[in-house]
Amino acid sequence: MIDPYKILGVSKEATIDEIKKAYRKLAKKLHPDLNPGKDSERKFKDIAHAYDLIGTAEAKSKFDRGETDEQRQQEYEESMRANTRRAKRPSYHQTQQNTGRYSNVFDSDFNTQDIFEQFFGRAQETSKPGEDELYNLEIDFKEAALGSEKVITLPRGKKIKVQIPAGIEDGQKLRFKGLGGPGINNGPSGDAYVQISVKKLSGFTRAGQDILTTVPVSIFEAISGGEIEVPTIDGSVMLKIPPGVNNGSKLRISGKGVGVENYRGNQIVTINIVMPKQIDPAFKEAMLKLSNQFSYSARDAR
């Protein structure tokens, strides 16, 4: 059982506003998009879970009273372990008779019927949490990059509104506490998990918070420079090409990457200089004349 106060770095006397402030600070610091890696993802999940436990006045009061499902489950498991240990160590002592012999005598508080009931009779009354359920949700590349909202129907027919956070990656799961299978004998319900599947978008790939694209330019555009139209997930924009740009050069379009509002990444555009599909004889002759007049060595320029 985690200690939410310790994970969020606040005291048990902290106000709800102080708890919210601590959670937001840690969430921004440890968000997987800003700190890729399993360790950051685990810590991010821990602080989210800690906030679920004490993030509201009602939840905090319930946790402080020890009445959460996790606390009751832990209490139950500890009780069962204690009963098991007592059952494995029946209490008895040796007494010496007048003749000098010893006899083994069970203590009066040891009751075999109680032990039998604990393991067989009462086992039928044990509460158990419900099973977790998994729902697969496919979203568009843009929805994953910028965030969106979806209404889905879970396997058991319940409709829920799902907030897709900006920057979510393919395969990540969103957890909905208590929306899984029903518990047994008043046990807590399981959780529902929504696993995200991101559709590919032709010409676009992700690299953290940046979006990568490649655009073709003619040899004339590469030499003279100019402006070309470049597609982004927000629509086409005009990009300035510097004169003499090389094949493979990377240009940046600020704020057209992954994220929300002022916290978006960039779009990185790789230049691909494309020759004509068919070389016209006149074009070839003109280029030869130019090469004789303005010759340079590509190998020396590297």
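For a quick check: with amide H placed at 1.01 Å from N, whose amide H comes under 5 Å from Gln195's, ignoring anything fewer than 5 positions away on the same chain? Here Tyr135, Asn136, Leu137, Leu174 satisfy the definition.
Relative contact order for region 205-301: 30 percent, from Cα pairs under 8 Å spaced at least 6 residues apart, divided by residue count.
In order along region 53-65, phi translates into HN-Hα couplings of 6, 9, x, 10, 4, 5, 5, 5, 4, 5, 5, 5, 7 Hz, rounded to whole numbers, per the Karplus curve 6.51 cos²θ - 1.76 cosθ + 1.60 with θ = phi - 60° and x for Gly and Pro.
Extension gain, Arg42 to Arg72: 0.36 nm times the residue separation minus the Cα-Cα distance gives 8.4 nm. In the structure shown, the pairs Lys25/Lys142; Lys6/Lys60; Lys43/Lys256; Lys142/Lys199; Lys43/Lys173 are assessed against 18 Å; a Cα-Cα span above that value is assigned to Lys25/Lys142; Lys43/Lys256. Label reach from Met287 (point 7 Å along Cα→C-beta): in region 236-280, amide nitrogens under 18 Å belong to 244-248, 272-280.
What's the extension gain from Asp64 to Val151 if we count 0.36 nm per residue and subtract their Cα-Cα distance?
27.9 nm
Count Lys and Arg as plus one, Asp and Glu as minus one, and take only other residues whose Cβ is under 14 Å from that of Glu149; the net charge is then +2. At a Förster radius of 25 Å, what calculated FRET efficiency corresponds to the Cβ-Cβ distance of Ala207 and Ile2, to the nearest 0.05? Between Ala207 and Ile2 the formula returns 0.15. Listed by chain and number, the lysines whose alpha-carbon sits under 25 Å from that of Lys277, ignoring those within fewer than 8 places in the same chain, are Lys240, Lys250, Lys289. Sorting 212-224, 254-266 by average packing, meaning the other beta carbons within 10 Å per residue, from highest down gives 254-266, 212-224.
At a Förster radius of 35 Å, what calculated FRET efficiency corresponds to the Cβ-Cβ distance of Gln278 and Glu227, to the nearest 0.05?
Once rounded, the FRET efficiency stands at 0.85.
Only the Cβ atoms of Lys and Arg (+1) and of Asp and Glu (-1) were treated as charged; on that basis the dipole of region 1-82 about its Cα centre amounts to roughly 440 debye. Among beta bridges from DSSP that stay inside region 204-302, the antiparallel ones total about 60%.
Only the coordinates and a few stated rules stand behind these numbers; no lab work does. All figures in this text were calculated on a predicted structure; none of them were measured in a lab. All Cβ positions, glycine included, derive from the backbone under ideal geometry; neighbour counts span all protein chains shown.
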